[in-house]
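Here is the structure we will look at.
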Amino acid sequence: MDRDNSSENKQMARRLLHLAAEAGLDIGGGRLRQTSSRFCLGVEHGDYNGTDLFGVGTDRYIWMAYKPNGKDRFRFFSGNFPNDGIIEFSHGKIPEPRSSGIAETWGRFAYGTDFILGREGYKLRNGLDAVIYGNIPGGGMSRSASLTLNLILSITDTNGIALEDPFRTAEWARAVEYDYIGSPCGILDQIMILFARRGMGTHFSPAAKSIRHIPLGDRAPDFRFAGLDTGTERPGLEKSTYKIRRAECERFVSILKDGGFGIESLADIKDRELFEDIRIRYGHLYPDLYSRLRYIFHAQQRFDKMIRAWTEGDIPTVGRIFREDGIGLRDDYRISGPELETMCDIARTVPGVYGERMLGGGDKGVSGALVAADDFSALRDAVDQAYPRSHPEYKSRYAVHAFNMVDGIRLYEGHLG
């Protein structure tokens, strides 16, 4: 439990108290939980393909101020979606999973949290009043995972439920989206936020189910993670190219298993001789499916090099690999989009940018870059000059953000009066 004095959190506490008063909710004297966004360095789209993952928590957040209300009712209000009003329900009395009634409301995440915790056998008898606000850029930095983790942690806290296994917590957060909402997400986002530590990268090995926190090497130059928000609205993963790519990868694994290859995921294809055998036998029969494998294979070949470079503080090499991943995502995995690639093309012209690529589920949303701190303003100026010319329809909506590495989860006392 932290007693944080940062001006940002104090200002957010005042904002949430104001929103609560407008909505008629009582959060005075309650708790404030902050959950971060994430910046994936590798392997993007690797989680559902079985690869190792590496990324950091970043300082754009979901904040939730909450307090037990002495009833069996859960009442949530979002400052980002005020037109949805108060999302109110009793435990178990929620819409059916994947029903049409939840498709257009943010409340599906609150309903889904109740559904998953109930399915796990928990009786949620203590309701709460809560107000939520977030400033995570849209599409690519895990707003939904951040929100869902915050909901799980806050509801279980209110009900005195001890969460001793963080991997289980991450799996519950994924299940809210996958099982209740119907979004075919992997577990990258939940892991990268839940385990994020300030000043460190998080290396997750799904095969070993292990987490390793890797400090950034001492000789790293002063640099920033940049978010290049295209201003576009990305649909949920269940409505996007993400769903298609995931199905393609699963189909190719099934084809290869039927062909006698003893694999369970595309990540199992690490050996170059095996990769070449698959290329010769199947590349001409299933060129699109083979192209998806080609990205995953080469991304895995680059992964250990990125980890070593990070450990040594060799950010130029980390950036170069990040750029190579982006080209693979664009050309082989074909998960990017025109606005995302416009941002990457612009970033590539700035001398201080080490590397750039699209982030997250694909199609729309946010691209990312690693840029020397002294050149961040040059990157922003380049985007300001070029992006509105290419996409004038988004000239009032795009943005360029600088991010720092932070802890993924923080809980504060004393901010809410």
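The values are calculated or read from the model by the stated rules, or taken from the named source; none is laboratory data. Since the model is a prediction, treat every value here as computed from it, not as a measurement. Heads up, the Cβs are rebuilt from the backbone with ideal geometry, glycines too, and the neighbour counts pull from every protein chain shown.
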Selected residue (only one of Asp129, Asp114 is among the charged types (D, E, K, R), within 16 Å of Ala20 (Cα to Cα) and crowded, with 22+ Cβ neighbours inside 10 Å): Asp129
Looking at the stretch 82-103 only, could you name the residues that are loosely packed, with under 14 Cβ neighbours inside 10 Å and at pLDDT 95 or above? Pro82, Asn83, Gly85, Gly92, Lys93, Glu96
If a residue counts only when it is closer than 25 Å to Gly101 by Cβ, at pLDDT 95 or above and hydroxyl-bearing (Ser, Thr, Tyr), which helices (runs of 4 or more DSSP H) contained entirely in the stretch 117-196 have at least 2 such residues? 143-158
Restricting attention to the stretch 253-289, and to residues there that are surrounded by fewer than 17 Cβ atoms within 10 Å (Cβ to Cβ) and of a type in the set (Asp, Glu), which single residue is farthest from Tyr333 (Cα to Cα)? Asp258
Checked pairs for the stretch 80-109, first assigned to a loop (DSSP other than H, G, I, E, B), second of a type outside the set (A, V, I, L, M, F, W, C) and modelled with pLDDT under 95, C-beta under 6 Å and 6 or more apart or across chains, list as Pro95/Gly101; Arg98/Gly182
Checked the stretch 343-383 for anything of a type in the set (D, E, K, R), more than 20 Å from Ala309 (Cβ to Cβ) and in a loop (DSSP other than H, G, I, E, B); matches are Asp363, Lys364
I need every pair where a residue in the stretch 239-252 that is not assigned by TED's automatic domain parsing to the domain that holds Ser100 and buried (at least 18 other Cβ atoms within 10 Å of the Cβ) has its Cβ under 6 Å from the Cβ of a residue that is modelled with pLDDT of 95 or more and outside any helix (DSSP H, G or I), sequence separation at least 6 or different chains. Thr241/Ile335; Arg245/Ile335
In the set Phe115, Phe204, which member is in contact with a Pro (Cβ under 7 Å, 6 or more places away or on another chain) and in the same structural domain as Phe74 (by TED's automatic domain parsing)? Phe115
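State all residues of the stretch 214-233 that are in a strand (DSSP E or B) and among the basic types (Lys, Arg); if no residue qualifies, say none.
Step one: list which residues in the stretch 214-233 are in a strand (DSSP E or B), which gives 214-215, 223-229.
Correct list: Arg224 only.
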Every pair of residues 6+ apart whose Cβ atoms lie under 9 Å, when the first sits in the stretch 165-178 and is farther than 23 Å from Trp106 by Cα and in the same structural domain as Asp47 (by TED's automatic domain parsing) while the second is surrounded by fewer than 16 Cβ atoms within 10 Å (Cβ to Cβ) and basic (Lys, Arg): Phe167/Lys209
